[in-house]
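Shown next, in structure tokens, is the structure this report addresses.
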Amino acid sequence: MPKLKTHKGAKARIHVTAAGKLMRRKRMSSHLRRKKPNKVTRKYAQKLLVDKKDVSRLSRLLPYG
């Protein structure tokens with residue numbers, strides 16, 4: 001059976017934890033940053049869990065993650 005290719009866009013955006021969970025960053029973090037309050041910009045530094053509906057779709061893009 002041939003090797004599976006990793007989707008490079010998903011690899012750059014999705015982080016797989018040691019437990020196998022998928023983490024993502026928030027969107028709009030760099031757009032119009034000066035207008036946003038400091039509280040909001042701090043929230044962009046945190047990573048979020050990927051929704052349960054999207055896990056199966058994204059895990060297909062990251063076969064060895």
Original post:
Which numbered condition trips up SER59, out of (1) surrounded by 12 or more Cβ atoms within 10 Å (Cβ to Cβ); (2) modelled with pLDDT of 95 or more; (3) not β-branched (Val, Ile, Thr)?
Top reply: (2)
Original post:
Is one or more of the residues making up the range 20-28 over 11 Å from the mean Cα position of the chain (by Cα), surrounded by fewer than 11 Cβ atoms within 10 Å (Cβ to Cβ) and not small (Gly, Ala, Ser)?
Top reply: yes
Subject >> Filter result (open to solvent by 60 Å² or more (accessible area, probe 1.4 Å), assigned to a loop (DSSP other than H, G, I, E, B) and either within 17 Å of GLY65 (Cβ to Cβ) or modelled with pLDDT of 95 or more (or both)) within the range 29-50 >> reply: LYS47
Original post:
Conditions: (1) open to solvent by 60 Å² or more (accessible area, probe 1.4 Å); (2) in contact (Cβ under 8 Å) with a residue 12 or more places away in the chain. VAL16 meets all but one. Number of the miss?
Top reply: (1)
Subject >> One residue from LYS11, LYS3, LYS53 being assigned to a loop (DSSP other than H, G, I, E, B) and open to solvent by 50 Å² or more (accessible area, probe 1.4 Å) >> reply: LYS3
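The values are calculated or read from the model by the stated rules, or taken from the named source; none is laboratory data. Predicted, not measured: the structure shown is a model, and the values here were computed from it. Because the Cβ atoms are built from the backbone with ideal geometry, glycine has one as well, and the counts that use them run over all protein chains shown. Quick note on the areas: whole protein, heavy atoms, side chains included, nothing else; ligands and nucleic acids left out. Shrake-Rupley method; radii C 1.70, N 1.55, O 1.52, S 1.80 Å.
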